[in-house]
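Have a look at the structure below, then the notes.
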Amino acid sequence: MRCVGEEPNLSRRALSRRVCEWLGWRAANGQFKDMSCRVALGRLEEHGLLDLPPAQAWSGGTVEAERWAEEFDPIAPFSLYIS
């Protein structure tokens with residue numbers, strides 16, 4: 001196992017994925033609990049227990065937006081009548 005100091009260019013996302021791999025931390029659907037891990041790591045940093053790499057700004061690129069759109073189905077439109 002490597003420590004974060006050995007890989008100074010490691011992003012928070014990459015770090016959280018590695019932690020999930022090390023711990024076997026997965027959701028019921030088998031995917032890594034990446035966001036939960038990032039929240040936990042952030043809280044550890046807030047308490048002074050570790051230093052995380054600086055947060056990177058999200059570029060809002062179209063590739064990420066397209067991937068998001070593929071993962072989530074839009075909610076079907078519906079009509080609501082109030083009498």
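The values are calculated or read from the model by the stated rules, or taken from the named source; none is laboratory data. If you're wondering where the values come from, they're calculated on a predicted model, not measured in any experiment. Methodologically, a virtual Cβ is constructed for each residue, glycine included, from the backbone with ideal geometry; neighbour enumeration extends over all protein chains shown.
The figures follow:
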| item | result |
| --- | --- |
| Ser36 being in contact with a helix residue (DSSP H, G or I) (Cβ under 8 Å, 6 or more places away or on another chain), part of a helix (DSSP H, G or I), among the small types (Gly, Ala, Ser) and modelled with pLDDT of 60 or more | no |
| Leu15 part of a loop (DSSP other than H, G, I, E, B), surrounded by 13 or more Cβ atoms within 10 Å (Cβ to Cβ) and modelled with pLDDT of 75 or more | no |
| Region 43-53, residues that are in a helix (DSSP H, G or I) and either under 19 Å from Asn9 (Cβ atoms) or in contact with a helix residue (DSSP H, G or I) (Cβ under 6 Å, 6 or more places away or on another chain) (or both) | Glu45 |
| Any chance Arg43 is modelled with pLDDT of 90 or more, charged (D, E, K, R) and surrounded by 15 or more Cβ atoms within 10 Å (Cβ to Cβ) | no |
